[in-house]
1. Spin-label point model (7 Å from Cα, Cβ direction): what's the residue A:23 to residue B:48 distance in nm?
2. Rg/Rh for segment A:61-138 to two decimals, with Rh computed the Kirkwood way over all alpha-carbon pairs.
3. Label-point separation (nm) for residue A:148 and residue A:135, each offset 7 Å from Cα along Cα-to-Cβ?
4. Along Cα→Cβ, 7 Å out, is where each label goes; now give me the distance between the ones at residue B:200 and residue B:149 in nm to one decimal.
5. Taking a temperature of 4 °C and a viscosity of 1.567 mPa s, what whole-number D in µm²/s does Stokes-Einstein yield for segment B:335-380 with Rh from Kirkwood over alpha carbon pairs?
6. Using 0.36 nm per residue, how much length does the chain from residue B:58 to residue B:156 gain when fully extended, once their Cα-Cα distance is taken away?
7. Using a 10 Å cut-off on Cβ to Cβ distances, tally the other chain neighbours for every residue of A:150-156 and report the average as a whole number.
8. Taking R0 as 41 Å, what's the FRET efficiency between residue B:36 and residue A:43 from their Cβ-Cβ distance, rounded to 0.05?
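Quick note: the coordinates plus some simple rules give every number you see, no bench work behind them. Remember, predicted model here, so these are calculated numbers, not experimental data. For neighbour counting, all protein chains shown are included, and Cβ atoms are generated from backbone atoms with ideal geometry for every residue, glycine included.
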């Protein structure tokens, strides 16, 4: 990975931080990548996570954290360039391809990613997973959405209430 | 964390809201039906709010029926190129072929939808989305029964993309008929719902209870106008330089009118540039694009530069440079309509001149001459009915254009 310039440069070498998942696995990653997380950014700016300390993430297991970091490492260079004003079309297409592939996952992994993106406040990842769920919802009826997203079968009361609301909002999927 | 609940369904509210907020409005509508928790999230966090720009929120112009004229015209602010809002086809040429010389009228307007009466039937249309539909004939036998008013339109896109059309038994206007046949039995309102696509009888007065809301003042019998304005239902009356405005007090058990404004349009020096500009124009039948305003503004020479003083109904407090003032005695013939979002009344002067009168500030602004070129100037001619038009794009909510069911002759063939 090419080291992105980190404003107040650290002698050219990319600064590394250590993140510790809920099941005590340690991940060493460039500070620039970890800083895509708003939550981590402050700690890192404060000098945390370096050396032997590591930043514990009690809400994120190692499988999820490794996935999250895969995203962050891929997106860190573009983010360091302040979004992507000088990114080439090729770069952007590559990121898009990566994103599509990245969320091609089963629902329990997606769930964990949504939670992690939310807790760690990784904006780009949040919108990526939200878009994935939106795609799962679009064009479906409420009942199909329930099935797709793992709702239990509705109770008779819930069913009645759904019917009433479908009358109200029936226009939405005429 | 329990392994088995890792379905999207089990997401906590905050995370879920972050997901739902990217949904397009139509999917949000569906999502509201999925379960109560989702509905609460969408409601509580107002996730539909960013889409409200599709709702009517500004006045584009006034649809006017002229006495004895074969068609209404839209009298409106010309569409500026900078406007984010699409151009309005004021001729409704998407629905009406002007070459047919068909007689038609606007019967009612509500939040961007119009009801039009054509030879071929009664239509509901949305000029902003260019959608329209023919209302099925209402089967109510009315040979011996009461006469009906209307039809009237009820449409609130903030609540639902569906509309309803009301036919209401008319109240006899003399005491004898009132005693004999009022209230009619059965007293019913026939309602067309776009949701069901059918007419139905809505309510009856089976308990013999109704409330008469007396019109505000028996002394003012002329030039009355009823309509919705910023703070509720207004009843306006007056002429020449006197204007009274009552507001319907709906808070108490009994609804009643209370006088809100008693205005005198005082002769004084007014900023010349507020009087001299024709900033609204009639959309002409033949030459749609070149509808040049040809009136003279209240005897003052018409300035050519329209752009610089364009009246913006959304922001009419922008600084208008007061170049110089001119003495003017405002006098109006009738009330054209009320601004639905602010305390402004549109008044007619000299048959076709239209001015906006700001109730709070007494400010007057001349908007232009609502006289179509194709309408003969005769002393019996004038403005018959008028409907302040607030465009609404909510048809887009149903992404494939089914907010109004397209009729068979429409280009859309899905239904």
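1. It works out to 4.4 nm between the two label points.
2. Working: Rg = 12.6 Å, Rh = 13.0 Å.
Radius of gyration relative to Kirkwood radius: 0.97.
3. Modelled inter-label distance: 1.1 nm.
4. 2.4
5. Working: Rh = 11.5 Å.
The estimated diffusion coefficient comes to 112 µm²/s.
6. On the way: separation 98, 0.36 × 98 = 35.28 nm, distance 1.47 nm.
Stretched out fully, the residue B:58 to residue B:156 stretch lengthens by 33.8 nm.
7. Values: counts 7, 8, 3, 0, 2, 0, 0.
Counting other chains' Cβ atoms within 10 Å and averaging over A:150-156 gives 3.
8. Once the sixth-power term is evaluated, E becomes 0.60.
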